[in-house]
Amino acid sequence: MYKRDIVNTINHRLEEKRRFIQVIMGPRQVGKTTAIQQIIKEKTIPCHYAAADLPAPPDTEWISRQWDLARMKMEGRQKGILVLDEVQKIAHWSNEVKRLWDEDTRLGSNLHVVVLGSSSLLIQKGLEESLAGRFEIIRFPHWSWLECRDCFNWTLDKYIYFGGYPGAADLIEEEDRWSRYIRDSLIETAISKDILLLNRVEKPALLRQLFVLSCDYGGQILSYQKIMGQLTDSGNTTTLAHYQRLLESAFLIRGLPKWSGNLVRRRNSSPKWLPLNTALMSALANRSFKECRSAAESWGRLVEVSVGAHLVNSGISHGIDIYYWREGNKEVDFVIRKGNKITAIEVKSGRKRGSLPGISKFLTHYSTARSVVVGSQELSLREFLETPLSKWVE
C-alpha cells in the first residue's frame, strides 16, 4: 500500500494514549479504505470496521449499533479501534458520534475512533457543528507521480495522461475500458453518491455540465458569465458558484482564485478551472493517449493541469495556498503562498513558446517573490514533480 507517510501518521496517532477522533478525508478510489483495513489487520487489539456506503443511507442508530459492537469486542481489553467509513452519508452523524464519544470519555473507555469520508463539505460541516476540540484531520489526496512510478512502473507521459487512480491502473492497456471505468465508477459515482444524494441540487444536469466544462477548460480562466453562455441549461452565477463548491467538496475539481494580495478581490475573481486528477480530463476528451501525446495544444494543457493538480494535492498537507495571477494579457500559471513566502510558477508546455513576460511583470509587483519555470533547462517537469513542494516556499 502506498501513501506510506499517511499510513504511518494514522498508525502513530492510534498508538498514542491521547484520544482524538481521526478524520480521514479524500477522493473516492485513492486507497483510504484499503489503507485503514491494512492498518487494523495488523493490529493485535480489537478492531471493528463498518461502512455506511449502502444503497440507502442508514440512520444514526446504525452508528450506535456499530459503536456497541466495538465496545463488545474490546470488553476486558485496555484498548480498541472503531472505523466508520463514508460516515457523511448519515444525517446528523456528528451529533451521534459526539454523544457516544463523550460517553466513552466519561466512562474512561479507551476506544479510538477513525472516521473516513469522501465529501469534505459534509464532513467539515459535521466537525464544526458538533465535534470541536475532539478531532484531527488526516488528508488523503490523489496519488502523486512518485507513487504511480514506483507502484505501476509508469513513464511520466503515462502519468500525465492516465492520472493517479490506482484502481484503474491495470486497465490502461485497454483505453476504452479504462475510460468507461473512470466515467462510470469514479466520476458518476462521486457525483451521484457524494453530491446529488446528500445535497440539495435543483438542477442536476447543470451541475454535470459544469463538471464537464471544468474538464474541457482545465487549466484555463473562465468567468461564470462565459460559462453560462456554454451551458444548455439555465442558471445564474450564484448557482454555478454553489455547484462549483459541491464539485470541489467531492475532490473532483478546484477553482483557483486570482492572486491579488487582497482577500476580497481574490474571492470575487474568475476561477481558473483545475481538475484534481488528469484522468478526469483524459476520460472525457475522447482522445487516445497516442492522439493526445502528438497534439501540442491538448498535451500542453494536460501538462499544466498535472502541475496544478500536484500543487493542490501536495499543498493540502503542507498548508500551502494555490492561486493564479493575471494582469491584462500577462499571466502566471500558478502562485503558491505559505505565510509571507510567495512563489510564481510558470509551466513551459507544448503549447507555449518563447519568453514568459508574465513572470517578469509579476515580480515587478511582488519583488520579494521567487519564480520557478517548470520545463526549462534548469528544472524539468520530472524534477519538479519529484521535489517536495515545501522547497519552493522555503
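Prolate is the label for the range 50-101, because the ratio a/c of its alpha-carbon gyration tensor axes (a ≥ b ≥ c) is 1.5 or higher and a/b is greater than b/c. Shape verdict for the range 331-394, please, from the Cα gyration tensor: rounded (a/c under 1.5), prolate (a/b greater than b/c) or oblate. Here the range 331-394 falls in the oblate category.
Here's the picture: charge each Lys and Arg Cβ at +1 and each Asp and Glu Cβ at -1 in the range 152-393, and of Tyr181, Phe251, Trp273 the one pushed furthest to the positive end of that dipole is Trp273. Shown is the FRET efficiency for Arg200 and Asp68, computed with R0 = 22 Å from the Cβ-Cβ distance and rounded to the nearest 0.05: 0.10. Extending 7 Å from Cα along the Cβ direction at Ile137 and again at His92 yields two label points whose distance is 2.5 nm. Available extension along the chain between Thr155 and Asp170 is 4.0 nm, counting 0.36 nm per residue and deducting the alpha carbon span. A Förster radius of 30 Å, combined with the Cβ-Cβ distance separating Thr232 from Leu146, puts the computed FRET efficiency at roughly 0.15. For Glu128 and Ala241, the difference between the fully extended length at 0.36 nm per residue and the C-alpha to C-alpha distance is 38.5 nm. Let me know the shape class of the range 4-139, please: from the alpha-carbon gyration tensor, a ≥ b ≥ c as square roots of the eigenvalues, rounded when a/c is under 1.5, otherwise prolate if a/b is greater than b/c, or oblate. Judged from the Cα gyration tensor, the range 4-139 comes out rounded (a/c under 1.5).
Its Cα centre serving as origin, the chain has a Cβ charge dipole (Lys and Arg +1, Asp and Glu -1) of approximately 960 debye. Label separation (Ser367 vs Asp102): 5.6 nm, computed from points 7 Å beyond Cα along the C-beta direction. The orientation-averaged projected area of the convex hull spanned by the Cα atoms of the range 200-351 comes to 9.7 nm².
One decimal place: the segment Lys43-Glu75 gains 9.9 nm when fully extended, by the rule 0.36 nm per residue minus the C-alpha distance.
Rounded to the nearest 20, the Cβ-based charge dipole of the range 4-139 about its Cα centre (Lys and Arg +1, Asp and Glu -1) stands at 380 debye. The mean sequence separation of alpha-carbon pairs under 8 Å and at least six residues apart, normalised by the residue count of the range 152-393, gives a relative contact order of 17 percent. Applying 1/(1 + (r/R0)^6) with R0 = 41 Å to the Cβ-Cβ distance of Ser294 and Phe20, what FRET efficiency is obtained, to the nearest 0.05? Step by step, r from the Cβ atoms, then E = 0.20. Pairwise Cα distances in the chain exceed 36 Å in 28 percent of cases. Pairs from the table (Lys17/Lys43; Lys272/Lys330; Lys3/Lys272) lying more than 26 angstrom apart at Cα are Lys3/Lys272. Separation of the range 15-75 from the range 291-321 is 33 Å, based on Cα centroids. Of all beta bridges that DSSP places with both ends in the chain, some 40 percent have antiparallel geometry.
Any read-out appearing in this document is the output of simple, stated calculations on the displayed coordinates, not a laboratory observation. From a predicted model like this one, the values you see are computed outputs, not experimental measurements. Reconstructed Cβ throughout: ideal geometry from the backbone, glycine too, with neighbour counts over all protein chains shown.
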